[in-house]
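A.B. asks: I have a structure I would like to understand better, so I am pasting it below and will then ask my questions one at a time.
The values are calculated or read from the model by the stated rules, or taken from the named source; none is laboratory data. For clarity, every value in this text was computed on a predicted model and none was experimentally measured. Positions of Cβ are backbone-derived with ideal geometry, glycine not excepted, and every protein chain shown enters the neighbour counts. Quick note on the areas: whole protein, heavy atoms, side chains included, nothing else; ligands and nucleic acids left out. Shrake-Rupley method; radii C 1.70, N 1.55, O 1.52, S 1.80 Å.
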Amino acid sequence: MKVTLIAGSNRTNASSTNLLRYVGYLLEAEDISVHFIDLSKIQLPLFSPDNWDFHSDAKRVLNAIEEGDGLIIATPEYHGSVSGALKNALDYITASQVAGKAVLSVSSAGGPLGVSSLSHLQAIIRNLHGINCSEWISIGYGQNTFDSDGAPLDEGMKERVQKAVNHFVDLTQKLRAAARAEH
Ligand SMILES: Cc1cc2nc3c(=O)[nH]c(=O)nc-3n(C[C@H](O)[C@H](O)[C@H](O)COP(=O)(O)O)c2cc1C
């Protein structure tokens, strides 16, 4: 199984990116192949519907999503929504890359929870015909510190992340098996 991870913060040492790296570590521990895309490192040009001959970085991101069996997206909570950097990247995507695949949403907020950005992210995924996991992960104030191995220091958060990842892997496997049985 291959999973594409997209870190949507445009900030160095971002907590949502750190959390996503931990998610990647949990997947790799189960021998799942991970393709990690950090949007703070790949600065995509502003999407324009006038130009469908995309920059090579945008093509690289789209290929990674297309090749993945599932997708995990992390965003900071910005004014009750997703980051501009992430929304710009998502505007490049079409349903052909996401339809029928499991998608897990992850957020980091300055307050206790980033539910608003998670809801917006799930609405975007729904419009791309992706299958939203019934679990999601939100890291908030007081929970966004990590140990030297990259694991959340908050034990409750660690358990919630593992539970959400297990659910995502299970859903991805089921959807992949169903898609194979159809062909
Ligand atoms: C432009 C901007 C808008 C923000 N809006 C919110 C918000 O609406 N709600 C909130 O809880 N935190 C808000 N924050 C705080 C961030 O969500 C918080 O710092 C988060 O941990 C950043 O994630 P990151 O570390 O992955 O970049 C905002 C921060 C910025 C820079």
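A.B. asks: Could you run through region 81-125 and say how many residues are touching a helix residue (DSSP H, G or I) at 6+ places or on another chain (Cβ under 6 Å), free of Cβ contacts under 8 Å to residues at least 40 places away in the same chain and near the ligand (Cβ under 8 Å from one of its atoms)?
C.D. replies: 1
A.B. asks: Inside region 50-60, can you point out the residues that are among the charged types (D, E, K, R) and more than 17 Å from residue 84 (Cβ to Cβ)?
C.D. replies: At the first step, the residues of region 50-60 found to be among the charged types (D, E, K, R) are 50, 53, 57, 59-60.
Within region 50-60, 50, 53, 59, 60 meet the criteria.
A.B. asks: It is to be established whether one or more residues within region 45-52 are in contact (Cβ under 8 Å) with a residue 60 or more places away in the chain, in contact with an Asp or Glu (Cβ under 6 Å, 6 or more places away or on another chain) and either open to solvent by 20 Å² or more (accessible area, probe 1.4 Å) or acidic (Asp, Glu) (or both). Give the steps one after another, and end with the answer.
C.D. replies: Pass one, region 45-52, residues in contact (Cβ under 8 Å) with a residue 60 or more places away in the chain: none.
Within region 45-52, not a single residue is in contact (Cβ under 8 Å) with a residue 60 or more places away in the chain, in contact with an Asp or Glu (Cβ under 6 Å, 6 or more places away or on another chain) and either open to solvent by 20 Å² or more (accessible area, probe 1.4 Å) or acidic (Asp, Glu) (or both).
A.B. asks: Considering only residues that are within 16 Å of the ligand (Cβ to nearest atom), part of a loop (DSSP other than H, G, I, E, B) and farther than 14 Å from residue 86 by Cβ, which ones fall in region 16-49?
C.D. replies: none
A.B. asks: Can I ask one more? When you go through (1) open to solvent by 70 Å² or more (accessible area, probe 1.4 Å); (2) within 25 Å of residue 97 (Cα to Cα); (3) not in a loop (DSSP other than H, G, I, E, B) one by one for residue 163, which number turns out not to apply?
C.D. replies: (2)
Each row is one residue, and each column tells you yes or no for (1) touching a residue at least 60 places away in the same chain (Cβ under 8 Å); (2) surrounded by 12 or more Cβ atoms within 10 Å (Cβ to Cβ); (3) over 15 Å from the mean Cα position of the chain (by Cα); (4) outside any strand (DSSP E or B).
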{"residue": "143", "(1), (2), (3), (4)": "no, yes, yes, yes"}
{"residue": "172", "(1), (2), (3), (4)": "yes, yes, no, yes"}
{"residue": "178", "(1), (2), (3), (4)": "no, no, yes, yes"}
{"residue": "181", "(1), (2), (3), (4)": "no, no, yes, yes"}
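A.B. asks: Being in contact with a Phe, Trp or Tyr (Cβ under 9 Å, 6 or more places away or on another chain), modelled with pLDDT of 95 or more and not charged (D, E, K, R), is that true of even one residue in region 166-179? I'd like the intermediate steps shown before the answer.
C.D. replies: From region 166-179, those in contact with a Phe, Trp or Tyr (Cβ under 9 Å, 6 or more places away or on another chain) are none; that's our starting set.
Within region 166-179, none of the residues are in contact with a Phe, Trp or Tyr (Cβ under 9 Å, 6 or more places away or on another chain), modelled with pLDDT of 95 or more and not charged (D, E, K, R).
A.B. asks: Cβ-Cβ distance below 8 Å, separation of 6 or more or different chains: which pairs start in region 2-15 with a residue that is touching a residue at least 40 places away in the same chain (Cβ under 8 Å) and end on one that is among the aliphatic types (A, V, I, L, M) and within 6 Å of the ligand (Cβ to nearest atom)?
C.D. replies: Between residues of region 2-15 that are touching a residue at least 40 places away in the same chain (Cβ under 8 Å) and residues that are among the aliphatic types (A, V, I, L, M) and within 6 Å of the ligand (Cβ to nearest atom), the close pairs are 7/14.
A.B. asks: From the list 89, 123, 58, 64, pick out the single residue that is in a helix (DSSP H, G or I), open to solvent by 30 Å² or more (accessible area, probe 1.4 Å) and either aliphatic (A, V, I, L, M) or at pLDDT 95 or above (or both). Don't jump to the end; show me each part of the working.
C.D. replies: Working: 89 fails: open to solvent by 30 Å² or more (accessible area, probe 1.4 Å); 58 fails: open to solvent by 30 Å² or more (accessible area, probe 1.4 Å); 64 fails: open to solvent by 30 Å² or more (accessible area, probe 1.4 Å).
Criteria check complete, one pass: 123.
A.B. asks: Across region 1-15, what is the number of residues that are crowded, with 20+ Cβ neighbours inside 10 Å and near the ligand (Cβ under 9 Å from one of its atoms)? Before you say what the answer is, go through the steps one by one.
C.D. replies: Our first condition is that a residue be crowded, with 20+ Cβ neighbours inside 10 Å; within region 1-15, this holds for 3-9, 14-15.
Remaining after also requiring near the ligand (Cβ under 9 Å from one of its atoms): 7-9, 14-15.
Here the count works out to 5.
A.B. asks: Find the residue count for region 67-80, including only residues that are open to solvent by 10 Å² or more (accessible area, probe 1.4 Å) and more than 16 Å from the ligand (Cβ to nearest atom). Walk me through it before giving the result.
C.D. replies: Filtering region 67-80 for residues open to solvent by 10 Å² or more (accessible area, probe 1.4 Å) gives 67, 69, 76-80.
Those still in the list that are more than 16 Å from the ligand (Cβ to nearest atom) too: 67, 69.
Number of matching residues: 2.
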